Amino acid sequence: MKQSIKKAAVIGSGVMGSGIAAHLANVGIPTILLDIVPNKLTSEEEQKGLTLSDKAIRNKFTNTAVQKLLKQKPAPLTSKSNLALIEAGNLEDDIAKIADCDWVIEVIVENLEIKKQLFEKVDAHRKPGSIISSNTSGISIEAMAEGRSEDFKKNFLGTHFFNPPRYLKLLEVIPTKDTSHEVVSFIKTFGEDVLGKGIVLAKDTPNFIANRIGTYGLLVTVNEMLEGGYSVGEVDSVTGPAIGRPKSATFRTLDVVGLDTFIHVANNVYEKVEGKEQEVFRIPDFMNKMKEKGWLGSKSGQGFFLKKGKEILELNPETLEYDARKKLKTPALEMSKQAKGYSNKMKALVYADDRAGNLIWSILAPVLSYSAELLGEIADDIVAIDQAMKWGFGWDHGPFETWDAIGLEESVLKMKEDGIAVPKWVDEMLANGHRSFYQKDGGTTLFYDNGTYKALEVNPKVVHLKTLKETKGVIKKNSGASLIDLGDDVALLEFQSPNNAIGLDIIQMVNYALEEVDKNYKGLVVGNQGKNFCVGANLAMILMEAQDDNYFEIEMVVKHFQQAMMNIKYSSKPVVAAPFGMTLGGGTEICLPTSQLQASSETYMGLVEVGVGLIPGGGGNKELYMKHLSSMPQGLEFDLQKVANKVFEQIATAKVSTSAAEARDLHLLNNKDQISFNGDHLIHDAKQAVTSLYDAGYTAPVRRKVPVVGETGYATLMLGAHNMQYSGFISEHDLKIAKKLAYVIAGGNVPFGTEVDEQYLLDLEREAFLSLVGEAKSQQRMQHMLVKGKPLRN
Ligand code: NAD
């Protein structure tokens, strides 16, 4: 039977359960959320005359959890409307409903006996063949299934999501010896393709992969801090981006996770291991004291750090008082900063004999050795360990990749000098002349496994543009962009300017790409694999030209930009843009005219030009208006003014979507645009979209006139803007920008309902853009954004 998940049940509506239910709803799966029934009423409930048999009380835990989803930050839901897919219930009245579910996920308290009792109940009500899984952080999966039916055991496994489930990529899948291969393989594919997760197969051992190594690393760091006399702030200043890890580094990560959760997870290993390893998992006294005092981190307002007014203070582990935050500054750190590439940056640190170098070496080396020690016990290969650490903890490089980067031979020598145990298999590997864990063979990556190198499994849905360029070269390249052959007659235009900002070089490459595609390809993908799709037009260039009074130059660039966007829109071949992450201003403008969008679910998109004192200049106003118009019901009357109002408001308030789903609510995406839940599949999905459009006989859209609201519509738009200014919500300069924007959206001085052509609207837009560029206050806004990275309200 072919498996699918049409409906799911999540049992336990705490932090993780509600987050998992939200993520299932995000991907469109109706989900029942169940929890226990409260056994007493609060005095407030009693006063209201409620009883324990009232539905509102019986579903209290899940109802509260569902409502909380709307308020949590970062948002667990990609669109508020997804809430409709979650049905709240309780374990006494609604357990029979799990008989309709294809997947039941247990996310209740971390207690083996309680979990076992629940599974007994689940076993009695589930339908045969349905999948059951536990989200436990570390309890044995096999032990939980003890006493259950054959069919239960066959369909039971661990699915360990990380917090928060929408955003953290890692999903550890933990089968038992009884789990059927089909179930494991189904969950792997479903987790990757539908839930968008990075799947790592883990063994049924305490804390599985990421938390086992992660907690070890954190505790090694705490101990080194105490022994080496470093401060909390000093440690954080070097254990974040300086070594390719998230900004939250060590102690801010702990504050976010919560000290109680961390101690619970660490104790779980402590109880199950022995000897030297166990000693590392012993929680230092000062951390237990912090827990007693309730200094758990963000959730209790203080932890390793305390915010006092604008100042952030760090905890002194000896005195348990908060001091001014310190940072490490050493020559090795400076050298590392100057060095190019991860390998050189890391070598500059780990082999340097100063306070930063010594700290990094002494926290890194034991983690590398520990990871190697656990190979075979927690995971089958080094790739699983590297991926778990990257996806679960946001590290840029896994332990074995890092070990290669600092030089395996050199570092093993140093480990031995320092008395750090090196696992036997690593010694043997070196003795046999193998000097790295990974190797490249043309476009294939090989990894070391049991005495030989094996080719890394190629996932056809994961396209690596860097590798593609290394092996196949580029069709053409300039300072801002490359044109690449994606294979199967599809080309890709990749931005590669700083922050992927759009300048003349990218615009030129757009035109070249369209000509080339017209002659030789089925279509074009506009995509890249940078940090963000594109943060906008090259503001520095615009400001510089404006300050030099070079308006002729700016007008020329804007004209070219507009023309290139029109060329995209009317290309004879399909053009699919693949936005992800920040897709702002010009980044959105390049998406709007394409034949179709293939957006990552995590796309933060919007026309934000007002924030820098401008309005969109590359056709964005017109395209967003037309996209709104295209969503109106065909053949039915609608209120044109309302459409203009909406577009005006969206651009005037620089509205940015918090997901692709919300971008759809904002009409930045329409019904034919698609969403990829797995960001790693984005380029592949976009390529498929090009191929489908081409195969369906794609032709360029027909040029149509655009109905506008004209002079009277402009007056209506401005009414709202004036009101905002009278009430003090917007500044005088905001009002000036609003005026220009309203004029462009309204289509200028024409009667209501006039049908104008696109070029006319582009000319209005360009004029308005240029006049705003010349405004001193707009230039101040641009300057502020470039220097401070945030908008100025003047
Ligand atoms: P939580 O305390 O926020 O929620 C636990 C839920 O279980 C509560 O809603 C509670 O009402 C319910 N519950 C309590 N007793 C129950 C019972 N007898 N029967 C049914 N439900 C009961 O906990 P959480 O952080 O969401 O953790 C849930 C599970 O997920 C645990 O196994 C935990 O180890 C695991 N986990 C947690 C995290 C994390 O970061 N918090 C991450 C990964 C995995």
Practice task
Return the residue satisfying two criteria in turn: it lies in region 1-25 and is surrounded by fewer than 24 Cβ atoms within 10 Å (Cβ to Cβ) and over 15 Å from residue 130 (Cβ atoms), and of such residues it is nearest to the ligand (Cβ to nearest atom).
Solution key: 14
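Kindly provide the set of residues from region 72-86 that are more than 25 Å from residue 183 (Cβ to Cβ) and over 19 Å from the mean Cα position of the chain (by Cα), ordered by number. Write out each step before concluding.
Here is the first cut: in region 72-86, the ones more than 25 Å from residue 183 (Cβ to Cβ) are 72-84.
Result: 81, 83, 84.
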Exercise for the section: Kindly indicate whether any position in region 185-194 is over 24 Å from the mean Cα position of the chain (by Cα) and within 15 Å of residue 142 (Cα to Cα). Expected result: no
Practice task
Could you please let me know if residue 490 is surrounded by fewer than 17 Cβ atoms within 10 Å (Cβ to Cβ), farther than 30 Å from residue 351 by Cβ and of a type in the set (A, V, I, L, M, F, W, C)?
Solution key: no
Practice task
All but one of (1) surrounded by fewer than 18 Cβ atoms within 10 Å (Cβ to Cβ); (2) part of a strand (DSSP E or B); (3) acidic (Asp, Glu) hold for residue 457, so report the exception by its number.
Solution key: (2)
Exercise for the section: Look through 150, 92, 106, 146 and report the one residue that is more than 26 Å from residue 188 (Cβ to Cβ) and not aromatic (Phe, Trp, Tyr). Expected result: 92
Exercise for the section: Six or more apart or on different chains, Cβ under 7 Å: which pairs go from a residue in region 775-793 that's without any contact (Cβ under 8 Å) to a residue 24 or more places away in the chain to one that's part of a helix (DSSP H, G or I) and not hydrophobic (A, V, I, L, M, F, W, C)? Could you list them? Expected result: 792/780; 792/781; 792/784
Exercise for the section: Filter region 393-430 down to residues that are over 21 Å from residue 351 (Cβ atoms) and part of a loop (DSSP other than H, G, I, E, B), then give me how many there are. Expected result: 2
Completion exercise
Residues of region 117-171 being part of a helix (DSSP H, G or I), away from the ligand (no atom under 12 Å from the Cβ) and touching a residue at least 40 places away in the same chain (Cβ under 8 Å), in sequence order, are 142
Fill in the blank from the handout: Within region 214-267, residues being within 16 Å of the ligand (Cβ to nearest atom), in contact (Cβ under 8 Å) with a residue 60 or more places away in the chain and hydrophobic (A, V, I, L, M, F, W, C) number 2
Practice task
Give the residues of region 1-39 that are among the basic types (Lys, Arg) and modelled with pLDDT of 95 or more, sorted by residue number.
Solution key: 6, 7
Handout entry: Candidates 757, 734, 763, filtered to the one that is more than 28 Å from residue 544 (Cα to Cα) and among the acidic types (Asp, Glu)
Key = 757
Completion exercise
Going through region 23-54 in order, the residues found to be in contact (Cβ under 8 Å) with a residue 24 or more places away in the chain and either more than 27 Å from residue 676 (Cα to Cα) or in a helix (DSSP H, G or I) (or both) are 23, 24, 25, 26, 34, 35, 36, 37
Handout entry: Of all residues in region 87-109 being within 10 Å of the ligand (Cβ to nearest atom), touching a helix residue (DSSP H, G or I) at 6+ places or on another chain (Cβ under 7 Å) and not in a strand (DSSP E or B), the one that is nearest to residue 29 (Cα to Cα)
Key = 107
Fill in the blank from the handout: Of the conditions (1) crowded, with 18+ Cβ neighbours inside 10 Å; (2) more than 14 Å from the ligand (Cβ to nearest atom), the single one that residue 28 does not satisfy is (1)
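The values are calculated or read from the model by the stated rules, or taken from the named source; none is laboratory data. Computed from a predicted model, the values in this text were never measured in an experiment. For neighbour counting, all protein chains shown are included, and Cβ atoms are generated from backbone atoms with ideal geometry for every residue, glycine included.
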